[in-house]
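Chemist: I am attaching a structure below and will ask some questions about it afterwards.
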Amino acid sequence: MTAATRQEVLGLYRKIFRIAKKWQSASGQMEETIKEREYIKNEAKTLFQKNKNVTDPKLIKQCIEECEARIEIGLHYNIPYPRPIHLPPMGLAHKQGRTLRHQEKLRKISKPIYLKSHDEVS
């Protein structure tokens, strides 16, 4: 990891904690705000801890892009939780074979960047 990349990652980490400190829930209720602040902090700690040993520059860039996307979406919609996606069911694919592998590949490709790590952690 280059020094510039390290600074960018640390800057994102600090940015997330500044957002969590100022976060207000959409409902305005204090207990909901506290719950959402804790979620933001715990999610950041978990994901940054999980990815601390990543050395591949492409993977680091992908993680940074996912972090930035989740920050922007959370601030825009005022919801700290990842937005759900609605992918079509597996269709008529058989339980095995090429068709199933192709369907799984398409589902993986169509998953938005802001949800790449969510299923791995949750």
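Residue by residue, here is whether (1) of a type in the set (Lys, Arg); (2) within 13 Å of the chain's Cα centre (by Cα); (3) modelled with pLDDT of 95 or more holds:
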| site | (1), (2), (3) |
| --- | --- |
| 11 | no, no, yes |
| 14 | yes, no, yes |
| 18 | yes, no, yes |
| 38 | no, no, yes |
| 46 | no, yes, no |
| 50 | yes, yes, no |
| 53 | no, no, no |
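Chemist: Name the single residue that is most open to solvent (accessible area, probe 1.4 Å) among those in the stretch 1-26 being assigned to a loop (DSSP other than H, G, I, E, B) and not aromatic (Phe, Trp, Tyr). Outline the logic, then answer.
Modeler: Going through the stretch 1-26, the residues assigned to a loop (DSSP other than H, G, I, E, B) turn out to be 1-2, 23-26.
When the remaining residues are screened for being not aromatic (Phe, Trp, Tyr), the result is 1-2, 24-26.
On the way: 1: 124, 2: 84, 24: 97, 25: 10, 26: 82 Å².
My answer is 1.
Residues are listed down the side, and each one gets a yes or a no for (1) touching a helix residue (DSSP H, G or I) at 6+ places or on another chain (Cβ under 7 Å); (2) modelled with pLDDT under 70:
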residue: 58; (1), (2): no, no
residue: 65; (1), (2): yes, no
residue: 82; (1), (2): yes, no
residue: 94; (1), (2): yes, yes
residue: 97; (1), (2): no, yes
residue: 109; (1), (2): no, yes
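Yes or no, residue by residue, for (1) open to solvent by 70 Å² or more (accessible area, probe 1.4 Å); (2) free of Cβ contacts under 8 Å to residues at least 40 places away in the same chain; (3) under 17 Å from residue 5 (Cα atoms):
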| position | (1), (2), (3) |
| --- | --- |
| 28 | no, yes, no |
| 34 | yes, yes, no |
| 43 | no, no, no |
| 56 | yes, yes, yes |
| 74 | no, no, no |
| 78 | no, no, no |
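Chemist: Looking at the stretch 49-82 only, could you name the residues that are in a loop (DSSP other than H, G, I, E, B) and either of a type in the set (Phe, Trp, Tyr) or farther than 20 Å from residue 36 by Cα (or both)? Step through it out loud before you land on a result.
Modeler: Just the residues of the stretch 49-82 that are in a loop (DSSP other than H, G, I, E, B), to begin with: 51-56, 78-82.
Answer for the stretch 49-82, where residues must be in a loop (DSSP other than H, G, I, E, B) and either of a type in the set (Phe, Trp, Tyr) or farther than 20 Å from residue 36 by Cα (or both): 51, 52, 53, 54, 55, 56, 81.
The values are calculated or read from the model by the stated rules, or taken from the named source; none is laboratory data. Just so it is clear, the model here is predicted, and its values are computed rather than measured. A quick note on method: Cβ atoms are made from the backbone with ideal geometry, for glycine too, and the neighbour counts reach across all protein chains shown. Heads up: the accessible areas ignore ligands, DNA and RNA and are worked out on the full protein's heavy atoms, side chains in. Shrake-Rupley method; radii C 1.70, N 1.55, O 1.52, S 1.80 Å.
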